[in-house]
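Since the structure comes first, as structure tokens, the remarks are kept for the end.
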Amino acid sequence: LFRWAKAQRDRKTGQAARPARSLEEIEAENARLREENALLLEQRYTKDEILEAYSNEIYLGQDGSRAIHGFGLASSFFFNKPLAELGIPETALLVGLVQAPSSLDPRRHPEAALKRRDLVLDLMARDGVISTADAEAAKGAPLGIAEGGGRPVGEYPDFVSLVRRQLQ
């Protein structure tokens, strides 16, 4: 209805309707805006700050209607422990999820998650982040996924969460 009214007004006033932009024009504009935004980010923040912000916001899984964003929350969700307490195999699993969190979900697709984790371990060893011996030892470890998705279990999980937060 709005388009029709606008077309009628334009016809009466003699204004030509503005032609629609092509898909290529829209894509070119989006690319230009992404480039500008990237430059603005790099001028304002260091690369470490950008990486930290990305690490805290990246999507890494789903818990029912709750999205799991950031490595800290993913650590709690998958392993029921803080990020600082993760070992090499657990860290490699989380890093591997970045590529495809849904299809590599270790609860739903453990074989795919294990294969990806082992690839990340190989790459970490190749790049000198960990030793080859550490990579081989980590490959032998189970996925170690905790039950319950990092949430308190029992009859009153919300109450237990509230008490835990107040005790901290």
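The values are calculated or read from the model by the stated rules, or taken from the named source; none is laboratory data. Since this is a predicted model, take the numbers as computed values, not measurements. Every residue, glycine as well, gets a Cβ built from its backbone with ideal geometry; the counts of neighbours run over all protein chains shown. With ligands, DNA and RNA removed, areas are computed over all heavy atoms of the protein, side chains included. Shrake-Rupley method; radii C 1.70, N 1.55, O 1.52, S 1.80 Å.
Backbone amide hydrogens, once placed in the peptide plane, bring Gly61 within less than 5 Å of Ile68, excluding anything fewer than 5 places away on its chain. In order along region 161-168, phi translates into HN-Hα couplings of 4, 4, 5, 4, 5, 6, 6, 7 Hz, rounded to whole numbers, per the Karplus curve 6.51 cos²θ - 1.76 cosθ + 1.60 with θ = phi - 60° and x for Gly and Pro. Compared with the direct C-alpha span, the chain from Glu49 to Glu36 gains 2.9 nm at full extension, assuming 0.36 nm per residue.
From helices alone, the chain scores -18500 deg cm²/dmol at 222 nm; the rule is -39500 (n - 2.57) for each run of n ≥ 4 DSSP H residues, then divide by the residue total.
Roughly speaking, to the nearest percent, how much of the chain's 1.4 Å accessible area is carbon and sulfur? All intermediate terms of the calculation are to be shown ahead of the outcome.
Working: 6880 of 12290 Å².
Carbon and sulfur atoms account for 56 percent of the accessible area of the chain.
Quick one: if you take sqrt(5λ) for each eigenvalue of the C-alpha gyration tensor of the chain, what semi-axes come out, biggest first, whole angstrom?
Whole-Å semi-axes of the equivalent ellipsoid: 45, 24, 17.
With the simple model of a label 7 Å out from the Cα in the direction of the Cβ, Ala67 to Ala146 spans 2.3 nm. Within the straight-line cut-off of under 24 Å between alpha carbons, the lysines reachable from Lys81 are Lys115, Lys139, sequence neighbours fewer than 8 places apart in one chain being disregarded. In this structure region 67-168 gives 60 Å² per residue of accessible area when probed at 1.4 Å with all protein chains present.
For region 19-117, the pair-distance distribution built from all alpha carbon pairs, in bins 5 Å wide starting at 0, is 2, 12, 17, 17, 13, 11, 12, 9, 4, 2, 1, 0 percent.
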